[in-house]
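Structure, as structure tokens:
Just so you know, all these numbers are worked out from the coordinates, no wet-lab data involved. Bear in mind the structure is a predicted one, so any value in this text is a computation, not a measurement. Using ideal geometry, Cβ is built from the backbone for each residue, glycine included, and neighbour counts are taken over all protein chains shown.
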Amino acid sequence: MRWVILPLALIGSAAAQPAPPNLYAVQNEMDERPSREQKLVLPAFPKEKNLARIQVDGEVSFDFFVDLESVSVGGDGIVRYSLVARSAGGATNIAYEGIRCQGRERKPYAFGRSDGAWSAARKSRWTSISTASRDLAQATLHDAYFCPAGTIVRDAAEAQRLLREGGDPRVGADD
């Protein structure tokens, strides 16, 4: 019987010890608090005259554009924008997304429908921006337009200026 009690006592004492802090989990929990992210307001559907083309390097089969009128920089540290992706064959995908410079993350909020309305994203959560081809547009927006030199743009006007001018000239200068 002693052989059964001793292991149970050891397990019980280990379970009573506080787990070592997971700094990443604490940070993510803090970042995901609903009170930190401002209330979502969808922009007007993108218009052709407001689109600025962005140059995305890498193997992509789409041309990418940002609707200048949709760009906003929130007090919550998130740059929100409408992204239009067009294939050579004419297929068009539209998304309203956010980029968080701190943490290099992206979040889809809504997708454009063919009737000119928005449809809420089913999985609207923050994910890391990778170098995979599916994230090349967001990586470009993060690095050259919205978070140049690792800091968030001051306001929507600065982001729009960078979009019109082709990005921050400091990006790629060290290559």
Row for segment 48-165, column shape: gyration tensor on C-alpha, a ≥ b ≥ c, rounded if a/c < 1.5 i.e. under 1.5, prolate if a/b over b/c, else oblate; value rounded
Here segment 51-56 yields Karplus 3J(HN,Hα) values (6.51, -1.76, 1.60; θ = phi - 60°; whole Hz; Gly and Pro given as x) of 7, 10, 6, 10, 8, 10
Under 5 Å, built H, 5+ apart or other chain: amide partners of Ser70
Ser82
In terms of modelled amide H atoms, which long-range or inter-chain residues lie less than 5 Å from the amide H of Glu105?
Arg100, Ile129
Report the label-to-label distance for Ala149 and Arg113 in nanometres (one decimal), using points 7 Å from each Cα along the Cα→Cβ vector.
4.4 nm
Rounded to whole Å, give me the distance from the Cα center of segment 125-170 to that of segment 57-80.
7 Å
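What does the charge count near Ala85 come to, summing +1 for each Lys or Arg and -1 for each Asp or Glu among other residues with Cβ under 13 Å from its Cβ?
Values: positive: Arg53, Arg86, Arg134; negative: Asp63, Asp67, Glu97, Asp135.
Net local charge, Ala85 excluded: -1.
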With +1 at each Lys and Arg Cβ and -1 at each Asp and Glu Cβ, the charge dipole magnitude of segment 48-165 around its Cα centre, to the nearest 20 debye, comes out at 340 debye
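Taking 0.36 nm per intervening residue step and subtracting the Cα-Cα distance, what contour gain separates Arg104 from Ala44 on full extension?
Values: separation 60, 0.36 × 60 = 21.60 nm, distance 2.60 nm.
Gain on extension, Arg104 to Ala44, equals 19.0 nm.
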Qualifying lysines (Cα of each under 23 Å from Cα of Lys47; at least 8 residues distant if same chain)
Lys107
